[in-house]
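Following: one structure in C-alpha cells, then a few remarks.
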Amino acid sequence: MKVGKITIIGAGNMGGAIVNGLLKSGYIEPSAITIADPRKNVLEGFQAKGVNTFQDNLEAAKTADLVILAVKPYHVEKVIDQIKPALTLDKIIVSIAAGVSLSDLAKLIGNESIIFRVMPNTAISLQESMTCISGNGQADAHLETVQTLFDQLGKTVVIQEELMAAATVLASCGTAFALRYVRAAMQGGVEMGFGAEMAQFITAQTVKGAVQLIMNTGHHPEREIDKVTTPRGITITGINEMEHKGFSSSVIQGLIASFNKIERG
Ligand SMILES: NC(=O)C1=CN([C@@H]2O[C@H](COP(=O)(O)OP(=O)(O)OC[C@H]3O[C@@H](n4cnc5c(N)ncnc54)[C@H](O)[C@@H]3O)[C@@H](O)[C@H]2O)C=CC1
Ligand SMILES: O=C(O)[C@@H]1CCC=N1
C-alpha cells in the first residue's frame, strides 16, 4: 500500500535530504509531507517548496501515517516523549538514528507499535541512497509500504537487525569514506599539475565509471582491476605502493573502528 502522509522530525542533514529526495521523486505531493524542527530558519526553505512545517513536534506528528525520526540519537528519547500521544498503533514509525535498536525504540514507544529501523545515506537527496531496512514483529505487514517508499529514494535491502551496525558503517558512513578517496586522488592530481576543479571532475567521473563497471556486470572489483594493471606497468606500480602503505588495511581498520564505536558507544 502506498504511504499517505509523512512527517519527518528533524530538518538537519538527513531529514532535509529525505524531504528533498521525496520532492525530487514526485512520489508524494509536497502537501503530504511535513517536517518539524525547532530551528525556524531551516524550515523556511521547505515551506517555500510547499512542504508543511512545524516547530512543534506533536502537532507535526498528529496528521502523519508514517513518522520518520531524523534527530540525533541522544534526542530520540525526548522527541518520542513529545510525540507519544500522536503515535497511535496504526502509525508506522521509522527511526534513522544510528545505534538506537528496535528494542530501545519499543521501550520508548510501546511493544505493540509498528517500528522500523532504516539506515539511508545523504545521497537520498538525489534518490541515490543505499538504504538498509529492518523492522519489529508488527512491522512485517507494512514492509512493502516502507520498502516501496525508500525504493523511490535509491536502492534498498531488507536486513536482520543484527547487521544494522555493519550497514551503518558500510552504507551511511561509507559516503564520507568514499569521498575521502576522491579528495586524496584530487590532491595527487593537483600535485601532478591539474587545477583543483579539473582534478575533481576527472576523479569523480573516473570513480563513477569504475563503480558502474562492477554494478552493471556484477564482476568482482579485482576482475576489473586486472584489466587495468598492465604487467610491469604503471597501475600495478601505484597500487602496490598504496598497499605497502596500508591502503586496504587502513580502510578495513577504519570500518571496524566505526563499527566498534556503534557497538560500544
Ligand atoms: N548524517 C548522515 O549521513 C546520517 C545520519 N543518520 C542519523 O540521522 C540522524 C540525524 O542526523 P543528521 O541529520 O546528520 O543530524 P543533524 O544535526 O544535521 O540534524 C538533526 C536535526 O534535528 C533537529 N533537532 C534537534 N532537537 C530536536 C527536537 N527536539 N525536535 C525536532 N528536531 C530537533 C536539529 O535542529 C537538526 O536540524 C541521526 O540520528 C544520525 O545517526 C543516519 C544515516 C546517515
Ligand atoms: O557519523 C554518524 O554518527 C552518522 C551515522 C551514520 C552516518 N553519520
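The values are calculated or read from the model by the stated rules, or taken from the named source; none is laboratory data. As the structure is a computational prediction, the values presented were derived from the model and not from experiment. FYI the Cβ positions are ideal-geometry reconstructions off the backbone, even for glycines, and counts take in every protein chain you see. Surface accessibility is based on the protein's heavy atoms, side chains included, excluding ligands, DNA and RNA. Shrake-Rupley method; radii C 1.70, N 1.55, O 1.52, S 1.80 Å.
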task = State to the nearest 20 debye the size of the charge dipole of the chain about its Cα centre, where the only charges are +1 on K and R beta carbons and -1 on D and E beta carbons.
result = 400
key: Helix-derived mean residue ellipticity, 222 nm - over the chain, DSSP H n ≥ 4, -39500 (n - 2.57), to 500   = -15500 deg cm²/dmol
ask   = With a ≥ b ≥ c the root eigenvalues of the C-alpha gyration tensor of the chain, is it rounded (a/c under 1.5), prolate (a/b larger than b/c) or oblate?
value = prolate
request  = Treat every Asp and Glu Cβ in segment 6-159 as -1 and every Lys and Arg Cβ as +1, leave all other atoms uncharged, and give the resulting dipole magnitude about the Cα centre to the nearest 20 debye.
outcome  = 340
note = Listed by chain and number, the aspartates and glutamates with an alpha carbon less than 19 angstrom from that of LYS40, same-chain partners under 8 positions apart left out, are ASP56, GLU59
ask   = Name the GluC sites (Glu not before Pro) in segment 49-121 that are in a loop by DSSP and that have at most 14 other C-beta atoms within 10 Å, would you?
value = GLU112
Quotient of Cα Rg and 2.2 N^0.38 Å for segment 170-213, N being how many residues it contains = 1.19
key: Extreme residue, positive dipole direction of the chain, given options SER172, ILE83, HIS220 (C-beta unit charges)   = SER172
ask   = Tell me which lysines have Cα within less than 17 Å of LYS107's Cα, excluding those fewer than 8 residues away on the same chain?
value = LYS78, LYS84, LYS91
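When averaged across all projection directions, what area in nm² does the alpha-carbon convex hull of segment 168-264 cover? Could you put the intermediate results ahead of the total?
Details: hull surface 29.8 nm².
Spelled out: convex hull of the Cα atoms, projected over all directions, averaged, 7.4 nm².
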message = Could you tell me the center-to-center distance, by alpha carbons, between segment 230-263 and segment 18-56 in angstrom?
response = 41
inquiry  = Suppose R0 equals 45 Å. What FRET efficiency, 1/(1 + (r/R0)^6) with r the Cβ-Cβ distance, do THR63 and THR229 give to the nearest 0.05?
reply    = 0.20
key: Considering only the chain, percent of DSSP beta bridges that pair antiparallel, nearest 5   = 15
message = Once neighbouring chains are kept in place and the probe is 1.4 Å, which whole percent of the accessible area of segment 168-264 is contributed by carbon and sulfur?
response = 63
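Tell me, what is the per residue accessible area of the chain in Å², probe radius 1.4 Å?
Accessible surface, normalised per residue, equals 57 Å².
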Peptides 5-14, 18-27 ordered by average Cβ neighbours within 10 Å, highest first = 5-14, 18-27
key: Whole-percent carbon and sulfur share, accessible surface of segment 17-160, 1.4 Å   = 49
request  = Find the percent of Cα-Cα distances in segment 6-159 that exceed 22 Å, and round it to a whole number.
outcome  = 32
ask   = Tell me, what is the 1.4 Å probe accessible area of THR206, in Å² to the nearest 10?
value = 90
task = Using only Cα atoms, locate the centre of segment 133-186 and the centre of segment 61-118, then give the distance between them in Å, rounded to an integer.
result = 18
